[in-house]
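First the structure, in the form of structure tokens, and then the observations on it.
Read the figures in this text as sums done on the coordinates, not as results from a lab. Quantities reported herein were computed from a predicted structural model and do not represent experimental measurements. With ideal geometry, Cβ positions are generated from the backbone for all residues, glycine too; neighbour counts draw on all protein chains shown.
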Amino acid sequence: MQTTLTDSAEEAAAILKSGRVVAFPTETVYGLGASIYCPEAIMRVFQAKGRPGDNPLIVHIYSLEQLADVAGEINSDAWKLIDRFFPGPLTLVLKKNPLVPDTVTGGLGTVGVRCPANPVAREFLRLSACPVAAPSANLSGLPSATSWEAVFEDLDGKIDCVLRGNPSAIGLESTIVDCSGSKPLLLRAGAITFEQLQAVVPEIAANTSPDKQAPPKSPGLKYPHYAPKAAITLCHGDEKRIEAPSSAYIGLSEPPEGILLYKLCRNLEEYGSELFSFFRHCDSKGIDTIYCELPSNQGLGRAIRDRLMRAAGKK
Ligand code: AMP
Ligand code: MG
């Protein structure tokens, strides 16, 4: 299959509307989109990524008017979060509208909904004129794609179109909050921090120690994620000993001696936005081991820690 590369949101939306599959930029990571009303295209999203069918897709909307098309009853906590954080890097899990196909939600009675803020994403969604189901535009298990080049590397020949935009400003997937129960629950940390959420809905809990016996609240979280080919070794600012011969480092404090390749980040925002592209860069250079400094669990540090632990297979 020929993958069209375009800078035109209009062309990309026309391709989506004809029942095909389109990758598009957002402020979190690039998404791989299909109309929720086109079952064949939804199936092709799963196939192109190699994504397990029980891992639900997040549905992207342009405006709050589309909320009723995807969600059922919305409680007052969910409305508070919508008022404060939509459009933006927040996904809410809500009771679903029965018209949303089970293939989109992995058979769950809930649906993940997000309204992106990135202007190119917004233009694409406006012109698509339907809710767009979109997981991250990468091969399942690999680091999410934060540039159109990374999308192309993983999915050239497997999808119909890539809408080119700038690299994703945040570079980490959206914060996910489950608002389908009696009190909000943080399922995945992201750029909207737990502290910011607490300021709006003080009763929110974090899904910190999941019961291994119970079915996972977010099916995707049970699968391996974000892993480059290189091994990941987690380290702290003051204890960094390099043992692997061909190694790289990313973190906030000075790199250890003898490192081949490193990314010294000025702050957590830069750490988050560079992390996945650095993983991909290391793989392209044949690096064996990437040493990653674990930030504290505060603010954006929570999301970066989460991705690092998963990439290292420790979560
Ligand atoms: P991705 O789009 O690749 O970042 O993955 C989407 C994440 O959202 C996965 O971890 C899914 O399990 C999660 N997700 C999507 N819809 C729901 C839902 N209805 N309930 C719980 N988690 C969801
Ligand atoms: Mg993903």
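Quick notes on this one:
- The helix-based estimate of mean residue ellipticity at 222 nm for the chain, built from -39,500 (n - 2.57) per DSSP H run of four or more residues and divided by its residue count, is -8000 deg cm²/dmol to the nearest 500.
- Anisotropy class of segment 1-139 from Cα gyration tensor, a/c 1.5 cut: oblate
- HN-Hα J in Hz across segment 67-80 - Karplus 6.51, -1.76, 1.60, θ = phi - 60°, x for Gly and Pro: 4, 5, 6, 10, 10, x, 4, 10, 7, 5, 5, 4, 4, 4
- Structure remark: mean-square fluctuation, Gaussian network model of the chain, C-alpha springs under 10 Å; the largest value among GLY171, GLY299, GLY33 belongs to GLY299.
- Placed amide H near TYR291: partners under 5 Å, 5+ positions off or other chain: THR233, ALA248, TYR249, ILE250
- Cross-link table LYS96/LYS229; LYS80/LYS217; LYS95/LYS183; LYS229/LYS315, entries beyond 25 Å C-alpha to C-alpha: LYS96/LYS229
- Alpha-carbon centroids, segment 267-286 and segment 1-40: separation in whole Å: 25 Å
- Listed peptides 129-135, 1-7 appear in the order 129-135, 1-7 once ranked by packing, highest mean of other Cβ atoms within 10 Å at the front.
- Around the amide H of THR110, modelled in the peptide plane, lie the amide H atoms of LYS96, all under 5 Å away and 5 or more residues distant in sequence or on another chain.
- Net charge dipole size for the chain [Lys, Arg +1 and Asp, Glu -1 on Cβ; Debye, nearest 20]: 560 debye
- Under Karplus coefficients 6.51, -1.76 and 1.60, residue-wise ³J(HN,Hα) of segment 143-153 in Hz, glycine/proline x: x, 4, 8, 10, 8, 5, 5, 5, 4, 5, 4
- Mean silhouette area of the chain, derived from the convex hull of its C-alpha atoms and averaged over all directions, reads 15.4 nm².
- Using θ = phi - 60° in the Karplus curve 6.51 cos²θ - 1.76 cosθ + 1.60, the 3J(HN,Hα) couplings for segment 285-300 round to 9, x, 5, 7, 9, 10, 7, 10, 6, 7, x, 6, 7, 8, x, 5 Hz; x is entered for Gly and Pro.
- Per-residue Cβ neighbour counts within 10 Å put GLU10, GLU293 in the sequence GLU10, GLU293, beginning with the fewest.
- Between the helical axis of 119-128 and the longest alpha-carbon principal axis of the chain there is an angle of about 30 degrees.
- Those residues of segment 271-313 whose amide nitrogen sits under 20 Å from the label point placed on LYS80, 7 Å along Cα→Cβ: 299
- Euclidean distance of C-alpha centroids, segment 157-212 and segment 74-90, integer Å: 12 Å
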